[in-house]
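Notes for the one structure printed next.
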Amino acid sequence: MARLDLEWLAVFDEVYKTASVTRAAERLGLAQAAASTALNKLRAHFDDRLFSRTARGMQPTPRAQALYPALREVLARLESARASPSAFLPAEAERTFRICMTDISEIVLLPALLNHLRSAAPRVRIEVEKIGTDSARRLEDGEVDLAVGFMPQLDAGFYQQVLFKQNFVCLAAQSHPRIAARLSRAAYARESHVVVMASGTGHAIVDKVLARAGVERQVALRVPSFLGVARIVAETELIATVPLRYGQVMQTREPVRMLQLPHAMPHYGVKQHWHERFHTDPGNAWLRRTVAGLMGD
């Protein structure tokens, strides 16, 4: 079977269906001589005439009748593999997508995504995990469909799309006794800070910029995520340096206010990342378009 030419199988299939070498050649766009040659090679391969000329045309031998189901299945599988992937219909799809993201994305993206799915794709389910050191491998293996966050160290084979540009602001309680509408450099250095030690957020940029400027923060508390930062700031005199979109959301939920930082911080791109293996997958492409529509600038 490994030595069989696919063109021979196509000729076999058409002769079987049309009972004619001439019509088989026409339907395949071959010269009749080429179709006859392919049939002769098949006869030699299987050591059987395969088709005999009768008053009703070329009729299959018992050997050809026995071969036909298996050869037809081979051709059908090849046709299916060559066909374009079926469209992803979100309104009808039943699929679970796994996204790795930062805790900030859980706050900013996840509610919007779930509300969108409720009407656009009601049977689509989302599973979320944190961006971590093995996220790249999990994307490559297909264990995760998409990663949303700041992942500067990715090897070749990954696509990425900038969703929006992010900067940093300072959060302080609305009732903070020493901070007014403007935050001075002296106040920023003097006040106690809560600092987040989280990967995938670009927060390391803050430490690098402040270190270059010779600024030492008075760190009173270090926490592993942003989930409780706004509440801590609201109920204490601690201040926090946070990404802008996080601050915008938290300002609507907690008695906190955003202040411009007294030290210039560079913008950085928050991106979605996916592996090239799944670039053309219709469901993955739909998910990426959806996230870009919900989070993009």
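The values are calculated or read from the model by the stated rules, or taken from the named source; none is laboratory data. What you see is a predicted model, and the numbers here were worked out from it, not measured in a lab. All Cβ positions, glycine included, derive from the backbone under ideal geometry; neighbour counts span all protein chains shown. Protein only, heavy atoms only, side chains kept; ligands, DNA and RNA dropped before computing areas. Shrake-Rupley method; radii C 1.70, N 1.55, O 1.52, S 1.80 Å.
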Q) Among the residues of region 143-159, is there at least one that is more than 25 Å from HIS267 (Cβ to Cβ), modelled with pLDDT of 90 or more and β-branched (Val, Ile, Thr)? A) yes
Would you mind stating whether ASP48 is more than 30 Å from MET250 (Cβ to Cβ) and of a type outside the set (Lys, Arg)?
-> yes
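When you check ARG137 against the structure, is it surrounded by 11 or more Cβ atoms within 10 Å (Cβ to Cβ) and within 30 Å of GLY149 (Cα to Cα), yes or no?
Details: surrounded by 11 or more Cβ atoms within 10 Å (Cβ to Cβ): yes; within 30 Å of GLY149 (Cα to Cα): yes.
So ARG137 fits the description; yes.
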Checked region 264-292 for anything open to solvent by 20 Å² or more (accessible area, probe 1.4 Å), at pLDDT below 95 and of a type outside the set (A, V, I, L, M); matches are PRO266, HIS267, LYS271, GLU276, ARG277, PHE278, HIS279, THR280, ASP281, PRO282
The correct count of residues that are touching an Asp or Glu at 6+ places or on another chain (Cβ under 8 Å) and either open to solvent by 70 Å² or more (accessible area, probe 1.4 Å) or small (Gly, Ala, Ser) (or both) in region 162-171 is 1
Within region 140-161, the residues that are among the small types (Gly, Ala, Ser), more than 20 Å from ALA292 (Cα to Cα) and either open to solvent by 30 Å² or more (accessible area, probe 1.4 Å) or in a strand (DSSP E or B) (or both) are GLY142, ALA156
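I need the full set of residues from region 24-43 which are of a type in the set (Lys, Arg) and at pLDDT below 90, in order please.
So in region 24-43, the residues of a type in the set (Lys, Arg) come out as 27, 41, 43.
Passing the criteria: only ARG27.
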Of the residues in region 174-215, those that are touching a strand residue (DSSP E or B) at 6+ places or on another chain (Cβ under 7 Å), open to solvent by 50 Å² or more (accessible area, probe 1.4 Å) and among the hydrophobic types (A, V, I, L, M, F, W, C) number 1
Residues of region 55-67 being surrounded by fewer than 16 Cβ atoms within 10 Å (Cβ to Cβ) and assigned to a helix (DSSP H, G or I), in sequence order, are PRO62, ARG63, GLN65, ALA66
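Tell me, which residue of region 68-108 that is free of Cβ contacts under 8 Å to residues at least 24 places away in the same chain and not in a helix (DSSP H, G or I) is least open to solvent (accessible area, probe 1.4 Å)? Full working, then the answer.
Step one: list which residues in region 68-108 are free of Cβ contacts under 8 Å to residues at least 24 places away in the same chain, which gives 69-70, 73, 76-77, 79-84, 89.
Those left that are additionally not in a helix (DSSP H, G or I): 83-84, 89.
Details: ALA83: 58, SER84: 103, LEU89: 92 Å².
Checking each candidate, the answer is ALA83.
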Among the residues of region 247-257, the number that are more than 27 Å from the chain's Cα centre (by Cα) and buried (at least 17 other Cβ atoms within 10 Å of the Cβ) is 4
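Please go through region 219-246 and give me each residue that is of a type outside the set (Val, Ile, Thr), closer than 21 Å to ARG178 by Cβ and surrounded by 22 or more Cβ atoms within 10 Å (Cβ to Cβ), ordered by number. Write out each step before concluding.
Filtering region 219-246 for residues of a type outside the set (Val, Ile, Thr) gives 220-222, 224-228, 230-231, 234-235, 237-238, 240, 243-246.
Still in the running and closer than 21 Å to ARG178 by Cβ: 220-221, 230-231, 234-235, 237-238, 240.
Residues satisfying the conditions are ALA230, LEU238, ALA240.
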Of those in region 10-54 that are polar (S, T, N, Q) and part of a helix (DSSP H, G or I), the residue surrounded by the fewest Cβ atoms within 10 Å (Cβ to Cβ) is ASN40
